[in-house]
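Each remark here refers to the structure printed beneath this line.
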Amino acid sequence: MIHALRRCLSAPETQARLEALAAGAPASAPVSLRLSLGRGETDWLFLLPANTPYWYRARPDHDEYRLTIGHALHVTSAGPNRLAALDSAFAGFCRDWRRNGPAFAFAGFAFDAGNNAPLPNALLAIPAILLESVAGECTVTLSAPAGRIAEAATEWPQWLAVPATTSTPQHRPSRPETLAERAWIGRVNAALRDIEGGRVDKVVLARSRTIEADGPFPAAGVLGQLLVQQPGSVVYAYGNGEHSFVGATPERLVRLAGNRVDADALAGTSWPGSLALSEAKNRHEQALVVQAVCAALAPFSDSPPIAEPAREHAAGQLRHLRSRISATVRPGTTLFDLVRALHPTPAIGGFPVAAAQAWLAEHHEQRSGWYSGGFGLLTPDGDGEFSVALRSALLAGNTAEVQAGAGIVAGSDAQHELAETNAKLGTVLAALAPPVAPESGDSLRA
C-alpha cells in the first residue's frame, strides 16, 4: 500500500490532473483529486506523522479508517459565534471546491467557547492528504489551493518521511489522588444541594488525571489499542506536532444526510460490579437527554422528532442507555446549525442547559483540549457527522491527561459517581498502558 501511495504522490500526471481540475478557479479554491490505491485492509496508523498536523477517524466495526496528513486549508475561531464562523468559512470553501469524487473536511471544538489552549478552540480543515480504507477499498485524496498545487506536490512526500514514534514508554509512579478526589466529591455535594434547591436538574462534573512516563506517549500506539478495545465506538484523534488529542467515543452528537438528521441521547452508565442501567437514576438521567435533544431539533423540522426506546449500548467495559432520535429538517439547514442547537447536550453539560452552564462556570469547571466538545467529518455537499469527544487523552510529550465526567441528578451518590468516573478513566488508561508481554508458549498474532 505504501508503494502505491508513493507512486501516486510522485507521478507527474497527479499534478497535471490537479491543475486541470483547478483551471479557471480562484487561487484560494480547494482542489481535490481522489485516486485508488487498490484493495487492502489497513488502519493507516503506521503513517501517523510526527510533526505535521493530522486527523484520524475510524469505526472498526464498520471496517472504516481515515487518516489525514497536513492541511490544504484551515480556519480557526473562538467565542460565542465560533461555530457560525466555521459554518460561514466552510460554505465559502464549498462554493469553489473542485473535485473528481468524494472529499471531506474535518472539524473539532472545545466544550467551552472560551478555552483556547493548548488546541484551537474551534478548528476546521480540508486535509492535504486523506487516506481512506473502507470495506477493503483504499484511496488517497490529495488537496491543495488552486494557486499552490506545485508547491503542495513537493511537500507531500516530505510529510510521509517522518513517522511518529511507536514505542510505548513505562509509566512513572502515580501521585496520590486523595485530595483531588475529596475536592471532586465536595463539588458533587454542592451540586446535589443546588439540585435539591431547584436551581438545576442535572450537572455533569469532569475529573482529570495526569500520567507521566519515561518517554513520549505514542498516539499511534494508543489509537491502536482503542481500535481493539472499543470496536463499536468512533476512534478519533487530532495532532498538531506538539499535542495529540486521542479518544474513543460511543456518542454521536448529530449526523446530517440530505434532510435526514440522526442524533444520540446517551446517558446512564454501568460497569462490572455497578448498579444496573435499569435503576431509576440512570433512566431519569437518560430521559433528560432525550427531552433536550428533541427540543433542540424541533425548530428545524415541520414534524416532531422521533425518539426510539432506550437500549443498552456497549462501549468497551462500560454500558450506557442510548436512544436514537431522528427528524426531517427543512432545506437550508446546515450541519453547523444543528451542532449549535444541540451543544452542549445534558449528557455532557446538564439540564436545563443554560442553568447548568451557569452553574459550571460559577464553580470553575475546567476541561482540557476538546474533551466533551465535538469531532466532526463534513462533505462539500453539506452532509456530515459530529461525535461527542469523550473517553479522551491529551498527549504532550511524556505526559497524558485523561478526563471523564459523571452526571449528577437527584438521588446521585457522590462515592458512586466517583467510581463511575474511575471506570471511565480506566478505559483510556488501559489504552495508555504498555502492552502486556505474552507468557512463554503463547502465540503471537501477526
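The values are calculated or read from the model by the stated rules, or taken from the named source; none is laboratory data. This is a predicted model, so every value here is computed, not measured. Quick reminder, even Gly has a Cβ in these numbers, built from the backbone with ideal geometry, and neighbours come from all protein chains shown.
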For strands (runs of 3 or more DSSP E) lying entirely in region 191-275, having 1 or more residues that are closer than 30 Å to ALA414 by Cβ and of a type outside the set (D, E, K, R) picks out 202-212, 244-249, 252-257, 260-270
Given (1) assigned to a strand (DSSP E or B); (2) modelled with pLDDT under 95; (3) of a type in the set (A, V, I, L, M), identify the lone condition not met by ALA287. (1)
Please name all residue pairs, on different chains or six or more residues apart, with Cβ atoms under 8 Å, provided the first residue is in region 293-304 and is among the charged types (D, E, K, R) and the second residue is assigned to a helix (DSSP H, G or I) and loosely packed, with under 12 Cβ neighbours inside 10 Å. none
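Among the candidates VAL409, VAL402, single out the residue that is over 20 Å from the mean Cα position of the chain (by Cα) and of a type in the set (Val, Ile, Thr). Break it down stepwise before answering.
Working: VAL402 fails: over 20 Å from the mean Cα position of the chain (by Cα).
Sole residue among the options that is over 20 Å from the mean Cα position of the chain (by Cα) and of a type in the set (Val, Ile, Thr): VAL409.
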Working only within region 227-248, note down all residues that are under 30 Å from HIS284 (Cα atoms), touching a helix residue (DSSP H, G or I) at 6+ places or on another chain (Cβ under 9 Å) and buried (at least 22 other Cβ atoms within 10 Å of the Cβ). GLN230, SER233, VAL235, TYR236, GLY247, ALA248
For residues that are among the small types (Gly, Ala, Ser) and out of contact with any Leu (no Cβ under 8 Å at 6 or more places or on another chain), scanning just region 174-194, find the one that is surrounded by the most Cβ atoms within 10 Å (Cβ to Cβ). ALA190
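Among the residues of region 174-195, write down those that are in contact with a strand residue (DSSP E or B) (Cβ under 9 Å, 6 or more places away or on another chain) and of a type outside the set (D, E, K, R).
Within region 174-195, SER174, ALA180, TRP184, VAL188, ALA191, LEU192, ILE195 qualify.
State which residue is modelled with the lowest pLDDT when the search covers only region 81-120 and only residues that are part of a loop (DSSP other than H, G, I, E, B) and among the small types (Gly, Ala, Ser).
ALA117
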Select, from ARG34, ARG66, ARG39, ARG59, the only residue that is out of contact with any Leu (no Cβ under 6 Å at 6 or more places or on another chain), on the phi < 0 side of the Ramachandran plot and buried (at least 19 other Cβ atoms within 10 Å of the Cβ). ARG66
Selected residue (only one of GLU285, GLU212, GLU251 is of a type in the set (D, E, K, R) and surrounded by fewer than 16 Cβ atoms within 10 Å (Cβ to Cβ)): GLU212
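In region 149-159, is there at least one residue being among the hydroxyl-bearing types (Ser, Thr, Tyr), outside any loop (DSSP other than H, G, I, E, B), out of contact with any Cys (no Cβ under 6 Å at 6 or more places or on another chain) and without any contact (Cβ under 8 Å) to a residue 60 or more places away in the chain?
Going through region 149-159, the residues among the hydroxyl-bearing types (Ser, Thr, Tyr) turn out to be 154.
If we keep only those that are outside any loop (DSSP other than H, G, I, E, B) as well, we get 154.
Still in the running and out of contact with any Cys (no Cβ under 6 Å at 6 or more places or on another chain): 154.
Still in the running and without any contact (Cβ under 8 Å) to a residue 60 or more places away in the chain: 154.
Checked against the condition, which is being among the hydroxyl-bearing types (Ser, Thr, Tyr), outside any loop (DSSP other than H, G, I, E, B), out of contact with any Cys (no Cβ under 6 Å at 6 or more places or on another chain) and without any contact (Cβ under 8 Å) to a residue 60 or more places away in the chain, region 149-159 yields at least one hit.
With VAL228, VAL289, VAL235 as the choices, which residue is of a type in the set (Val, Ile, Thr), in the same structural domain as GLY316 (by TED's automatic domain parsing) and within 22 Å of ALA327 (Cβ to Cβ)? Spell out how you get there, then give the answer.
Details: VAL228 fails: within 22 Å of ALA327 (Cβ to Cβ); VAL235 fails: within 22 Å of ALA327 (Cβ to Cβ).
Step by step, each of VAL228, VAL289, VAL235 is checked, and only VAL289 is of a type in the set (Val, Ile, Thr), in the same structural domain as GLY316 (by TED's automatic domain parsing) and within 22 Å of ALA327 (Cβ to Cβ).
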Tabulated pairs, region 259-273, first among the polar types (S, T, N, Q), second assigned to a strand (DSSP E or B), C-beta under 7 angstrom, 6+ apart or interchain: ASN259/THR328; ASN259/VAL329; THR269/LEU318; THR269/HIS320; SER270/ARG319
